[in-house]
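Trainee: My questions all concern the structure below.
The values are calculated or read from the model by the stated rules, or taken from the named source; none is laboratory data. Predicted model, so just to flag it, every value in this text is computed and none were measured. Reconstructed Cβ throughout: ideal geometry from the backbone, glycine too, with neighbour counts over all protein chains shown. Surface areas here come from the heavy atoms of the whole protein model, side chains and all, with no ligands, DNA or RNA. Shrake-Rupley method; radii C 1.70, N 1.55, O 1.52, S 1.80 Å.
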There are 2 protein chains.
Amino acid sequence: MKNNKIKPSILPGFMELLPRDQQAFNDIVRKITKVYEESGFLPMDTPIIEKSEVLLAKSAGETEKQVYRFNKGSNDLSLRFDLTVPVARFVAQYFNELTFPFKRYQIGKVYRGERNQRGRYRELYQCDIDVIGNEKLSINNDALVISMASKAFKAIGLENYKFQISNRKILAAILKELEIIETTEVMTLIDKYDKIGETSFAEQLIETVGAEKSSVINKVINMQGNGDEMIAKLEELRINSQELKTGIEELKQVLSMLTILGVGEDEYVVNLKIIRGLDYYTGTVFETFLLGNEVYGSICSGGRYDSLAQNYTDKVLPGVGISIGLTRLFFVLKEIGFIDKYVVESSVEYLIIPIGDTLEFCGELYKKLLSSGKGVEIYLEDNDKLKKKLSYANKLGIPKVIIVGEDEVATGVIKVKDMINGDDYILNADKI
Amino acid sequence: MKNNKIKPSILPGFMELLPRDQQAFNDIVRKITKVYEESGFLPMDTPIIEKSEVLLAKSAGETEKQVYRFNKGSNDLSLRFDLTVPVARFVAQYFNELTFPFKRYQIGKVYRGERNQRGRYRELYQCDIDVIGNEKLSINNDALVISMASKAFKAIGLENYKFQISNRKILAAILKELEIIETTEVMTLIDKYDKIGETSFAEQLIETVGAEKSSVINKVINMQGNGDEMIAKLEELRINSQELKTGIEELKQVLSMLTILGVGEDEYVVNLKIIRGLDYYTGTVFETFLLGNEVYGSICSGGRYDSLAQNYTDKVLPGVGISIGLTRLFFVLKEIGFIDKYVVESSVEYLIIPIGDTLEFCGELYKKLLSSGKGVEIYLEDNDKLKKKLSYANKLGIPKVIIVGEDEVATGVIKVKDMINGDDYILNADKI
């Protein structure tokens, strides 16, 4: 035997789950998928590897640095780093074959060479939905996609999440009104507010725009209140700007539509500090935090873009989308004990244990139970001790065991052992 | 507007589907998953990127050439090229936390830089199951995994497939008996039989082992008959070899167990020409062809390995597994018209079309229908013409449309239009 074994291990920043957690993960994915499909979102799947020139058509420096990019033959390839660029490419490429508004969902892995830290993964599942219009797209869809995230969270039994919603037009109009020319710097600063903290933010903001303007900005971004109150406060600003009016009007309509679509007022707040770093958002933007676990960052973010696919087509395709960071969410849920409490039922109801020469009889029973829709396994290692066979059922959470010896074959009487309460009962074979 | 648009396209050798085909693909995956889970296979998911030293621990030159391998920082990385190496690494790594026999399934993308040709993909889904024992594993499992493929094919409505089953020990023993030293060359030649054709095969075989031995080999590998007949013919060879006896005994038990597990005699043949190129197989081997479409290659292959994880651990972990090449299978099914006939039902049953100021009423109806378990969409683009709204339902196969105008809100009477037969009927809102 060789002694030069290679240590079995995976790369840091990659998540891999043991079966029980994997079952919980998959169950979460299934529940979310069901929610999306039942509201008319169509499945999509795109290659993980794409041409770098396509994937990086319009990427900022920060993105580019994190991309897994390499050559194969003469091709310059990259691994996708989100599911938004691929959907933009997809709608441009298959425009004539799609029905608009195009509602899609996509669940898949993306890759980011991030600095290794808790809750940040280099290979991560994203779970996206987008609605993309041809030339125009109702603002109602901005509420729709948020309501889908709400439904998804409810479906998996998640509570304590809070959507933080804003509209970029509002802040943009106010900065314009203040005649601020350092818009990007200010936006970037506000985007980092929670990361750098109130004091450092205030200092840097004064440094950038001066004390007077800084005071107005601080007042605006720290406005608080429920939806109606926030709208009222914004209207009270009495700034004569069409962009501000549009922003407020859009926000108003989104909040009203959220109620219509079943999102409770306790599920969201308006937070004008929400910017979303990526520059393609043009209206509604939002992030989502798990209360008490804000430190792990947003678990679901998104927003509206006026022209999603402009790198690939002259067509104007406005869209609005959300992305659930499923791997990060799972990490947080594991941390807070949610996953350990998450109920995963065994897909298998019966474990059939053949004793002696009874395989044929067991096979008949197996086929009968399976075709009646039950999950069922035959324990095929005949040399194992009975104790080990029963322990297999226990460890895998299989609730019922049927031991088939030659007596059972002779009499046809099938005894079921309930592994949960220890009871035995007779299975009526005619009624399977 | 910029005119330097990038042409939206994907790499050759990558499959991407439009929504309707993607729905069919996902439905196939769901059905196969259900079959696997109901028989006790546990889900597994491993990273697509692994350390090259782990993934290529024992790879032949042919594999290595095809691997997507690159550096990121100081790491030498590779994309997985199958799901067998990852499961080997997985069982070695988490040995103490797994329950044996460990039955797992995994469905995921793998990467191979193959020459670009029809039906061969560089990014492809594999759909694997494996049973892995600790030190020993009953031969019954060899039949189990084949029966799972049979159940999977039946679940998706596939017919005309044929498993071609052999046991490597049989041919190995016969070659030994013939005192052939060029075992690898002969095995490789037999493996290529279908590719190079009978005549060329015969010539090359004579060249390698001479006319006399060649005639015996030809006789053996071209034996035909049903299971019992093949066993009888092999036993008639009267070669006094323990390895041959074991091989025949294993084959016999696999065939007998196939019947017990519900695989019909019309679903398989014994074919001693089946070798499987990869060198880790040690007993049962099989491939699967769609009758009339053999040219596309095997759609499901697998076999038994005595020691799966020997590159990573001193533990002896015998296993048996199968792999369905899902992307290739889908390609073939598309080619032969199976996918176009495949019934994909819309997840959405009702499209609600609001006319005028009726969104609130529509929202109530939407929530009511959804919570009764129906799939339902609201058409949110109020500026579109009614014709376009109805056409949306038609194109997406949504069977029922509810138009809500101010009359409906006032009277509460909800009229449903059946898009399939054109009938109208009244929906009893109390009964939703």
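Trainee: Once you charge only the Cβ atoms, +1 for Lys and Arg and -1 for Asp and Glu, what is the size of the charge dipole of the protein assembly as shown about its Cα centre, to the nearest 20 debye?
Mentor: 1260 debye
Trainee: Separate question: Say the dipole of the stretch B:350-431 comes from +1 at the beta carbon of Lys and Arg and -1 at that of Asp and Glu; which of B:LEU369, B:PRO399, B:LEU427 then lies farthest toward its positive end?
Mentor: Comparing the listed Cα positions along the dipole, B:PRO399 ranks first.
Trainee: Pick from A:SER301, A:SER371, A:SER78: which is most flexible by mean-square fluctuation in a GNM of chain A where alpha carbon atoms under 10 Å apart are linked?
Mentor: A:SER371
Trainee: Using Cα springs under 10 Å in a Gaussian network model of chain A, which residue among A:GLU64, A:GLU38, A:GLU364 shows the largest mean-square fluctuation?
Mentor: Sorting by GNM fluctuation, first place goes to A:GLU364.
Trainee: I've got another one for you. What value does the protein assembly as shown have for Rg/Rh, both radii from Cα atoms and Rh as Kirkwood defines it?
Mentor: Rg/Rh: 1.01.
Trainee: Using a 1.4 Å probe over the heavy atoms of the protein chains, calculate the carbon and sulfur portion of the accessible area of chain A as a whole percent.
Mentor: 47 percent
Trainee: List the distances, in nm and shortest first, from the label point of A:ASP418 to the matching label points in every other copy, placing each point 7 Å from Cα along the Cα-to-Cβ direction.
Mentor: Taking the point 7 Å beyond Cα along Cα→Cβ, the inter-copy spacings are 4.4 nm.
Trainee: How would the stretch B:351-420 be classified by its alpha-carbon gyration tensor: rounded, prolate or oblate, with rounded meaning a/c under 1.5 and the a/b versus b/c comparison settling the rest?
Mentor: oblate
Trainee: At a 1.4 Å probe radius, which order do A:ASP266, A:ASP191, B:ASP82 fall into by accessible area, largest first?
Mentor: Heavy-atom accessible area, descending, gives A:ASP266, A:ASP191, B:ASP82.
Trainee: Give me the lysines in straight-line cross-link reach of A:LYS315: C-alpha distance below 16 Å, same-chain residues under 8 apart excluded.
Mentor: The qualifying lysines are A:LYS136, B:LYS2, B:LYS5, B:LYS7.
Trainee: Could you run the numbers on buried accessible area between B and A, total for both chains, 1.4 angstrom probe, in Å² to the nearest 100?
Mentor: 9000 Å²
Trainee: If you take the square roots of the eigenvalues of the alpha-carbon gyration tensor of the stretch A:283-377 and sort them as a ≥ b ≥ c, do you get rounded (a/c under 1.5), prolate (a/b over b/c) or oblate?
Mentor: The shape class here is oblate.
Trainee: Report the normalised scattering of the stretch A:161-276 as log10 I(q)/I(0) at q = 0.09, 0.14, 0.16, 0.17 Å⁻¹, calculated by the Debye formula with identical scatterers on the alpha carbons.
Mentor: Scattering profile of the stretch A:161-276, log10 relative to I(0): -0.24, -0.58, -0.75, -0.84.
Trainee: To continue, here is another question. Trypsin sites (Lys or Arg not before Pro) within the stretch A:78-172: which are DSSP loop residues with at most 16 other Cβ atoms inside 10 Å?
Mentor: Of the trypsin sites (Lys or Arg not before Pro), the ones in loops of the stretch A:78-172 whose Cβ has at most 16 other Cβ atoms within 10 Å are A:ARG115, A:ARG118, A:LYS136.
Trainee: Please give every one of the aspartates and glutamates within straight-line cross-link reach of B:LYS389, meaning a C-alpha to C-alpha distance under 13 Å, and leave out same-chain neighbours fewer than 8 residues apart.
Mentor: Straight-line reach from B:LYS389, under 13 Å: B:GLU377, B:GLU381.
Trainee: Need the C-alpha centroid separation for the stretch A:186-202 versus the stretch A:65-79, integer Å.
Mentor: 34 Å
Trainee: Might you tell me the accessible area per residue for the protein assembly as shown, computed with a 1.4 Å probe and given in Å²?
Mentor: 43 Å²
Trainee: Could I ask something else about it? Connecting C-alpha atoms closer than 10 Å in a GNM of chain B, tell me which of B:MET419, B:MET187, B:MET148 has the biggest fluctuation.
Mentor: Largest GNM mean-square fluctuation: B:MET419.
Trainee: Suppose you put the label 7 Å out from Cα in the Cβ direction; list, shortest first and in nm with one decimal, how far B:GLU236 is from each other copy's label.
Mentor: 10.0
Trainee: If the limit is 29 Å between Cα atoms, which of B:LYS169/B:LYS213; A:LYS72/B:LYS34; B:LYS58/B:LYS273; A:LYS400/B:LYS109 go over it?
Mentor: Numbers: B:LYS169/B:LYS213 18 Å; A:LYS72/B:LYS34 37 Å; B:LYS58/B:LYS273 25 Å; A:LYS400/B:LYS109 35 Å.
As for pairs spanning more than 29 Å Cα to Cα, those are A:LYS72/B:LYS34; A:LYS400/B:LYS109.
Trainee: Quick one: which residues, 5 or more positions from A:VAL404 or on another chain, have an amide H under 5 Å from its amide H? H modelled 1.01 Å from N in the peptide plane, none for Pro or chain starts.
Mentor: So A:VAL404 has HN proximity to A:ILE353, A:ILE355.
Trainee: Here's another thing I want to ask about it. Mind listing the label-point distances from B:THR183 to the same position on all other copies, shortest first, one decimal in nm, points 7 Å along Cα→Cβ?
Mentor: Distances between equivalent label points, in nm: 7.5.
Trainee: Right, something else. With a 1.4 Å probe and every protein chain left in place, tell me how much accessible area B:THR208 has, in Å² to the nearest 10.
Mentor: Probe radius 1.4 Å; accessible area of B:THR208 about 40 Å².
Trainee: Same structure again: Among the aspartates and glutamates, select those whose C-alpha is under 15 Å from the C-alpha of B:LYS341, and discard any that sit fewer than 8 residues away in the same chain.
Mentor: By straight Cα distance, B:LYS341 reaches B:ASP21, B:ASP27, B:GLU159.
Trainee: Continuing with the same structure: Let me have the 222 nm mean residue ellipticity of chain A computed from DSSP H runs of 4+ only, each contributing -39500 (n - 2.57), with the sum over all residues rounded to the nearest 500. If you can, show how the numbers build up before the last one.
Mentor: On the way: 17 runs with 174 residues, N = 432.
Rounded to the nearest 500, the figure is -12000 deg cm²/dmol.
Trainee: Shifting gears a bit: When all alpha-carbon pairs of chain B are counted, what percent fall beyond 36 Å? Before the final figure, lay out the partial values.
Mentor: Working: 39386 of 93096 pairs.
Counting every Cα pair in chain B, those more than 36 Å apart make up 42 percent.
Trainee: So which chymotrypsin sites (Phe, Trp or Tyr not before Pro) in the stretch A:289-367 pass both tests, a DSSP loop state and at most 10 other Cβ atoms within 10 Å of the Cβ?
Mentor: none
Trainee: Given Cβ point charges of +1 (Lys, Arg) and -1 (Asp, Glu) and nothing else, what value in debye, to the nearest 20, does the dipole of the stretch A:291-432 about its Cα centre take? Before the final figure, lay out each step's value.
Mentor: Working: 17 positive and 21 negative charges, 103 e Å.
Using Cβ point charges on Lys, Arg, Asp and Glu, the stretch A:291-432 gives about 500 debye.
Trainee: Moving on to the next point. Out of A:GLY133, A:ILE353, A:GLY73, whose Cα points farthest toward the positive end of the dipole of the protein assembly as shown (charges: +1 Lys, Arg; -1 Asp, Glu; placed on Cβ)?
Mentor: A:GLY73
Trainee: Give the percent of DSSP beta bridges with both residues in chain A that are antiparallel, rounded to the nearest 5. Write out the running numbers ahead of the final one.
Mentor: Values: 47 of 60 bridges.
Looking only at bridges with both residues in chain A, the antiparallel portion is about 80 percent.
Trainee: Beyond 22 Å between alpha-carbons counts as too far, so tell me which of A:LYS154/A:LYS374; A:LYS65/A:LYS192; B:LYS387/B:LYS431 fall in that bin.
Mentor: The pairs that break the limit, which is 22 Å between Cα atoms, are A:LYS154/A:LYS374; B:LYS387/B:LYS431.
Trainee: Okay, next question. Please list, in order along the stretch A:111-121, the HN-Hα scalar couplings obtained from phi with the Karplus expression 6.51 cos²θ - 1.76 cosθ + 1.60 (θ = phi - 60°), rounded to whole Hz, x for Gly and Pro.
Mentor: Going residue by residue, I get 10, 9, x, 6, 4, 6, 8, 3, x, 9, 10 Hz, with x marking Gly and Pro.
Trainee: Distance in whole Å from the A-onto-B rotation axis to the closest C-beta of chain A, together with the residue it belongs to, please.
Mentor: A:PHE70, 2
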